[in-house]
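Engineer: Here it is, the structure in full.
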Amino acid sequence: MTAVADNPAAVGRPIRRKEDTRLLTGRTQWTDNIEIPGMFHMAILRSPMGHAKIKSLDVSGALKYPGVHHAYGAEELGALNGSIPCVWAVTDDMVAPDFPVLAKGEVRHVGDCVAVVLADSAYEAADALEGIVVEYEPLPAVINMEDALKPGSPLVHSDKGTNKCYTYVMQPQGDGAYAASAAQADVVVKRRFINQRLIPSFMEPRAALASPMGISDELTLWTSTQIPHVLRVLLTLVTGIPENKLRVIAPDVGGGFGGKLQCYREEVLVTALANKLGRPVKWTETRSEDMVATHHGRDQIQDIEIAATKDGKLLGLKVELIANMGAYLQIITPGIPLLGMFMYPGIYKIDSYDFTCHGVFTNTTPTDAYRGAGRPESTYAIERIMDELADELGMDPMELRKKNWIKHEQFPFTTVAGLTYDSGNYEAATDKAMGLFGYEALRKEQEERRKSGNPVQLGIGISTFTEMCGLAPSRTLGALKYVAGGWEHCTIRVLPTGKVELVTGTSPHGQGHETAWSQIASDIIGVPVEDIEVIHGDTRTSPYGMDTYGSRSLAVGGQAIMRASEKLVERARVIAAHQLEVSASDLEYSGGVFRVKGDPSKEQSIQGVAFEAFTAHNLPDDVEPTLQAESTVDPQDFSYPHGTHLCAIEVDTQTGKSKIRSYVCVDDIGVQINPMIVEGQVHGGLAQGIAQAMYEGAVYDSDGQLLTASFVDYLIPSAADLPSFTTDSTITPSTSNPLGVKGVGEAGAIASTPAVINAIVDALRPLGVNDVPMPASPMAVWRTIQAAGGAK
Amino acid sequence: MPEVRITVDGDLVTDEVEARLLLVHFLRSNANKLGTVVGCDTSSCGACTVLLNGRSVKSCSILAVQADGNSVTTIQGLAGEEWHPVQEAFKECHGLQCGYCTPGMVMSTVDLLSENPNPTEEEIRDGLHGNLCRCTGYHNIVKSVQHAAELMKGGSK
C-alpha cells in the first residue's frame, strides 16, 4: 500500500487501454487467425440425440471425401481416447462417471462427441461428416432434475445405478439449529426459485490449434482459454504428453465469462491427434456447436426458507438445492453450487444456517462456471426472499435489509456460513444509491399509478449483495477438496535498455490486464506505464500461473505484481548504492531515480541500474547479474466486494412487457486501479445479470433437444434491449490484501438479476403476484398476471 | 470454379473460389484480412460486418461470388494516416473489452453515422441492434458512437 500511495501517478487513473490499439485495427491474434503450413482441419460429428445407444459407427465413408486424411470414432482413437478429469470431488462418495473424449457406445446429450474427421480445409472436413454412418438406438432421456431423482427414472449413466451425483450438507450451527430458529420465529417464508440454465455465449467461438513442430519436440497448443496454465497440467494428465514437452498459449481471447475455464474434449482431441500424427491440427467451433458443447451455467432448483421475528429480525435460513450437473462432470461442475453455499446469508446477520445440495445428472450439456459461478444463484435466492419476507411483514424491503445487515463498525464479521468478511460499508453504498435513484419519489409515483389503475405499473427492485472473490487461499481450496491451489505469480525484469517486462500468471480475455498491471508496477518502479510490457497467457513465457476466473486476477495477481515490484526496487537499491558509493539506507527512491539523502545531485536511475546489472562490470560481490524479481503470493483470505443495486421498471400489465426505466448501482470494490475499466466491468456484468432476469434461458424438450441452440433462439440482448446505467462507487479498502482491492468481474452479474425480478414482482404485487419465472419475458409475465387473476 | 475480382481495402484480390464460399471466409482466407471475424452462423451477431461499396453488410450472409466486382472495406482498411474517428472514439470511451465484436461494431457505426450523423441514444441503440456485444453492456458503445459523431461533426477528420 505504501509504495502505491506515495506515488499515485498511475493507479486510480482512467488510463486508456494499451490493448485497444490492436483490437481496433484488426491486428488481433485470435486462435482462429493462426495458420500453420500442413495443418489438418478437424470437424466433429456430434450426437443429434439426447440419449441413445450407438449400435454401430462406421467412419470409413468420410475417408472417401476429397481432402480427407483421417477419421476416428472411439474405437479408432483407441488408447488416445482419454477421459476429461473433474478436479473437484466435493464428497468422498461423489459419483464421477467416465467422460471419454469420444463417446463409447452411448451418447448422453445433444452435442456429445461421436467422431472426428481431419481434412485439408474446414469446408472439406465439415462435408465429410456426411460420410460417417451412425446407427442410434434411442434411449429414454431424463431432463427434469426432480424426475431424475425419482426411483425408476431413466439413468444417464446406467453403470452408476443412480442419477444422483452427490448430496452435500453444511450445518455450521449443527443439525436442528435451523429447526430451533424456525420454532421461535413469528414468520417463516418459504419459496421455490428456479435459477434457469444459461449459455455463456462469449463472442469468440472456441478454437484450438495443436502443432507438434516446436523446438525440442515441444508440442504447442494455441487455444481460446481462460486457463492456459491449469489446462497444461490437465492435458498432461489426459494425454500423457510430459508437461515440459507441452506449451499452452492463450493468444487474444474473445471473452470467457467462465465458459473458457475448462479442459474441453476438443482441446484434448487436437493435442492428442497432432502428437500422434506429427501434423498440426486445428479446430474452430461454429456457434451452433458452441451452444450444445460449451458448458452451460446456473440451472438450480432452490427451495429456500427464512425465519424471522414479527419485527423483522432474521433468525434462521434453510436452503435445499437441486443442481443440474448435465450429463458429465467437467472440471469443477460439482463445486459450483458450493461456491454459492457460502453466500446465501448475503450481507445479513442470521443465527442459524442449514444448507443441502443434491447434484444430479440429466441428459443435457454439462454445467460449470458462468460469470459468478454459484454466487449469482445464492444472491438471487436471498435477495428475492428478503423481498417476500418484507411483504409478509408489511415492511419496506429496504428497511428490512437495514435492520439485518452487518453494520460497518462490526467488520471484520464472521457470518453464519463461517466466512469472515473483512470490510464493507453497506450503509454508505446504500445511501449513495438511494440518492442517485430518487427512491422516495419513485415510491410516490408507484403509489399514484396503483391508485389510478394505470395499466403500466411501476416496480422498484432492490439488491444489496456481497460476494466472495479473489479465489483463493490454497488451504481453503484444499479443505473444500479442490485439487489445485489459488496462488498467483509475477516476475518483473528491467531489460538492459531500460524497458520493463512484467510476466503474470493471470490470463486476460477482455479485462485490460495489460493496462492495469502496468499501472500497479509503474507507480512502484517509477517507470512510465507505456514502458511496461505485460506478458501473459503462455506457459513458456509466463510459466507459473493460476489464470483468470472468480474475480481473482487483481486481488491475488495484483499482490504478486506489487511484491515483485517492491523486491525489484530493493535489488536495484543495492546496486545503486554500490555505484554511488553510499549505503543502501542512504538512498531515497522516487520517480524511478535513487538519490542520496542530503546530496540529491548524486543519483542513479532504475534504467541505469538495469544496464549496470546487465554488463555486470561493477556489481557488489554478493549481487548476481540481471535486474529481476519474482513473487508468488497465496492470498490470506477472500475479499468481499458489495453494493446496492436499484432498478425501476415499468410493466405493462396488459401485454406483460417490462421496460427498465432506470438502473442505479453503487458498488464497493475497494481500491480501484483503473476506474474506467472498473466501470466497464460493472456495465457488462449488469447486462448479463439483466439478461438472466429478462431474456436468456436454455430450454430443452423432453427428449433432450436444445430448443435454444442458436443466437436466433437464445436471446442475447442487443443494444436496443438494454438501458444506460447509472454506476457509482464507494471505496472501503479490503483488509485482506495490501493493495486494498476486491474484485469486480462478477459483481454486476451477481447483483442485477434479483434487482430486476424484485422490481417486476413489486410492480405486480397489487395483482396478487409474488413471483415471476425467469426469464421474465412478456409472455411469462403476462401468464403470471393471468394466473393471479388478470390485470385490474 | 468461378473467378472473383474483389477490391478489398483498396487492393484488388482475384481468386478462383467455390461458389459456396462465404465472403467472410474469402476475406479471411483469400484476402488475408484476419481482422474480420466470425461470431455465429445465423447472421445474428454482426461480428463479421464490413462495408460493401460503403454500406454495412454481414459478410457471413453474402457469398464471395456475390461480391464479385465490388469494393469491400474491412476494419483493417478504415484508418488512413490516422485512425478513423470511430476508432478513436471507441478507445476514448472504452467501447470495447475483449474486442471480438469490435471490428463489426465499428464498421456498423461508420455506416450508421454516414446515414445519420446526429443520432439520438435510441437511434444508436436501434441502429446497432444487429451487432451483439457480450462484454460492455453497450453503455460505453453508445457513448463511443455519440463521441464519434461529435468528432466527425467537428470536421477535424
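Engineer: Does at least one position in segment A:209-216 carry a residue that is at pLDDT below 95 and in contact with a Ser or Thr (Cβ under 7 Å, 6 or more places away or on another chain)?
Structural biologist: yes
Engineer: Out of all the residues in segment A:292-307, is one or more of a type in the set (D, E, K, R) and within 19 Å of the chain's Cα centre (by Cα)?
Structural biologist: Yes, that holds for at least one residue.
Engineer: Further question on the same structure: Can you pull out every residue in segment A:481-537 that is in a strand (DSSP E or B), closer than 20 Å to A:T21 by Cβ and charged (D, E, K, R)?
Structural biologist: Matches in segment A:481-537: A:E501, A:E533.
Engineer: Follow-up. Within segment A:83-95, is there a residue that is more than 14 Å from chain B (Cβ to nearest Cβ) and free of Cβ contacts under 8 Å to residues at least 12 places away in the same chain?
Structural biologist: Yes, the conditions are met somewhere in segment A:83-95.
Engineer: Here are the criteria: (1) more than 8 Å from chain A (Cβ to nearest Cβ); (2) within 17 Å of the chain's Cα centre (by Cα); (3) modelled with pLDDT of 95 or more. Tell me which single one B:V13 does not satisfy.
Structural biologist: (2)
Engineer: Something else now. Taking B:V65 and the conditions (1) outside any loop (DSSP other than H, G, I, E, B); (2) within 11 Å of chain A (Cβ to nearest Cβ), which numbered condition does it fall short on, given that it satisfies the others?
Structural biologist: For B:V65, the failing item is (2).
Engineer: Say whether the condition of being facing chain A (nearest Cβ under 7 Å), touching a His at 6+ places or on another chain (Cβ under 8 Å) and either surrounded by fewer than 24 Cβ atoms within 10 Å (Cβ to Cβ) or closer than 13 Å to B:G46 by Cα (or both) is met by at least one residue in segment B:92-102.
Structural biologist: Checked segment B:92-102: at least one residue is facing chain A (nearest Cβ under 7 Å), touching a His at 6+ places or on another chain (Cβ under 8 Å) and either surrounded by fewer than 24 Cβ atoms within 10 Å (Cβ to Cβ) or closer than 13 Å to B:G46 by Cα (or both).
Engineer: Go through (1) within 30 Å of A:H645 (Cα to Cα); (2) touching a residue at least 12 places away in the same chain (Cβ under 8 Å); (3) not in a helix (DSSP H, G or I) one by one and return the number of the condition A:R450 breaks.
Structural biologist: Going through (1) within 30 Å of A:H645 (Cα to Cα); (2) touching a residue at least 12 places away in the same chain (Cβ under 8 Å); (3) not in a helix (DSSP H, G or I) one by one, A:R450 breaks only (3).
Engineer: Here's another thing I want to ask about it. Considering each residue of segment A:241-267, count those that are more than 14 Å from chain B (Cβ to nearest Cβ), within 19 Å of A:D368 (Cα to Cα) and in contact with a Ser or Thr (Cβ under 7 Å, 6 or more places away or on another chain), and give that number.
Structural biologist: Residues that pass the stated criteria total 1.
Engineer: Do we have any residue at all in segment A:112-129 that's buried (at least 22 other Cβ atoms within 10 Å of the Cβ), out of contact with any helix residue (DSSP H, G or I) (no Cβ under 8 Å at 6 or more places or on another chain) and over 30 Å from A:L277 (Cα atoms)?
Structural biologist: No, because not a single residue in segment A:112-129 is buried (at least 22 other Cβ atoms within 10 Å of the Cβ), out of contact with any helix residue (DSSP H, G or I) (no Cβ under 8 Å at 6 or more places or on another chain) and over 30 Å from A:L277 (Cα atoms).
Engineer: While we're on this one: So for segment A:59-67 (the condition being within 14 Å of chain B (Cβ to nearest Cβ) and either touching a residue at least 24 places away in the same chain (Cβ under 8 Å) or hydroxyl-bearing (S, T, Y) (or both)), does at least one residue qualify?
Structural biologist: yes
Engineer: Still on this structure: Go through segment A:24-64 and count every residue that is farther than 21 Å from A:E266 by Cα and in a strand (DSSP E or B).
Structural biologist: Adding up the residues that qualify gives 4.
Engineer: Which residues, taken from segment A:76-111, are on the phi > 0 side of the Ramachandran plot and touching a helix residue (DSSP H, G or I) at 6+ places or on another chain (Cβ under 8 Å)?
Structural biologist: Listed by number, the residues that qualify are A:G105, A:G111.
Engineer: Mind listing just one residue for me: the one in segment A:586-597 that is of a type in the set (G, A, S) and in contact with a helix residue (DSSP H, G or I) (Cβ under 8 Å, 6 or more places away or on another chain) and, of those, surrounded by the most Cβ atoms within 10 Å (Cβ to Cβ)?
Structural biologist: In this case the residue turns out to be A:G592.
Engineer: Does segment A:6-13 contain any residue that is within 14 Å of chain B (Cβ to nearest Cβ) and either at pLDDT 95 or above or out of contact with any Cys (no Cβ under 6 Å at 6 or more places or on another chain) (or both)? Steps first, answer last, please.
Structural biologist: Here is the first cut: in segment A:6-13, the residues within 14 Å of chain B (Cβ to nearest Cβ) are A:13.
This time we only want the ones that are either at pLDDT 95 or above or out of contact with any Cys (no Cβ under 6 Å at 6 or more places or on another chain) (or both), so: A:13.
Yes, the conditions are met somewhere in segment A:6-13.
Engineer: Further question on the same structure: Tally time: how many residues in segment A:24-43 are over 23 Å from A:H70 (Cα atoms) and in contact with a Pro (Cβ under 6 Å, 6 or more places away or on another chain)?
Structural biologist: The number of residues fulfilling the criteria is 2.
Engineer: Modelled with pLDDT under 95, buried (at least 24 other Cβ atoms within 10 Å of the Cβ) and touching a helix residue (DSSP H, G or I) at 6+ places or on another chain (Cβ under 9 Å), is that true of A:S551?
Structural biologist: So A:S551 passes the test.
Engineer: Follow-up. Residues being assigned to a helix (DSSP H, G or I) and more than 14 Å from A:N404 (Cβ to Cβ): count how many of those fall in segment A:356-387.
Structural biologist: Here the count works out to 8.
Engineer: For segment A:14-52, how many residues meet the condition of being basic (K, R), within 9 Å of chain B (Cβ to nearest Cβ) and either closer than 30 Å to A:V134 by Cβ or surrounded by fewer than 20 Cβ atoms within 10 Å (Cβ to Cβ) (or both)?
Structural biologist: Residues meeting the conditions: 3.
Engineer: Let me confirm something: among A:A179, A:A141, A:A96, which residue is surrounded by fewer than 21 Cβ atoms within 10 Å (Cβ to Cβ) and assigned to a loop (DSSP other than H, G, I, E, B)? Walk me through it before giving the result.
Structural biologist: Values: A:A179 fails: assigned to a loop (DSSP other than H, G, I, E, B); A:A141 fails: surrounded by fewer than 21 Cβ atoms within 10 Å (Cβ to Cβ).
Matching residue, one of A:A179, A:A141, A:A96: A:A96.
Engineer: Of everything in segment B:22-39, what is touching a residue at least 40 places away in the same chain (Cβ under 8 Å) and either facing chain A (nearest Cβ under 8 Å) or among the charged types (D, E, K, R) (or both)? Give them in sequence order.
Structural biologist: Correct list: B:K33, B:G35, B:T36, B:V37, B:G39.
Engineer: Moving to a separate point now. Take A:I660 and decide whether it is in contact with a Pro (Cβ under 7 Å, 6 or more places away or on another chain) and within 13 Å of chain B (Cβ to nearest Cβ).
Structural biologist: So A:I660 fits the description; yes.
Engineer: Return the residue satisfying two criteria in turn: it lies in segment A:673-711 and is assigned to a helix (DSSP H, G or I) and small (G, A, S), and of such residues it is farthest from the other protein chains (Cβ to nearest Cβ).
Structural biologist: A:A693
Engineer: While we're here: Need the failing condition index for A:T727 against (1) part of a loop (DSSP other than H, G, I, E, B); (2) farther than 22 Å from A:Y344 by Cβ; (3) touching a residue at least 40 places away in the same chain (Cβ under 8 Å); (4) within 14 Å of chain B (Cβ to nearest Cβ), just the number.
Structural biologist: (1)
Engineer: Could you list, in sequence order, all residues of segment A:554-565 that are within 18 Å of A:Y482 (Cβ to Cβ) and in contact with a Ser or Thr (Cβ under 7 Å, 6 or more places away or on another chain)? Spell out the reasoning first.
Structural biologist: The first filter runs over segment A:554-565 and keeps only residues within 18 Å of A:Y482 (Cβ to Cβ), leaving A:555-556.
If the condition is that a residue be within 18 Å of A:Y482 (Cβ to Cβ) and in contact with a Ser or Thr (Cβ under 7 Å, 6 or more places away or on another chain), then A:A555 is the only one that fits.
Engineer: If B:H94 satisfies all but one of (1) on the phi < 0 side of the Ramachandran plot; (2) touching a helix residue (DSSP H, G or I) at 6+ places or on another chain (Cβ under 7 Å), what's the number of the condition it fails?
Structural biologist: (1)
Engineer: What number of residues within segment A:217-262 satisfy the criterion of being more than 15 Å from the chain's Cα centre (by Cα), modelled with pLDDT of 95 or more and on the phi > 0 side of the Ramachandran plot?
Structural biologist: 1
The values are calculated or read from the model by the stated rules, or taken from the named source; none is laboratory data. From a predicted model like this one, the values you see are computed outputs, not experimental measurements. Reconstructed Cβ throughout: ideal geometry from the backbone, glycine too, with neighbour counts over all protein chains shown.
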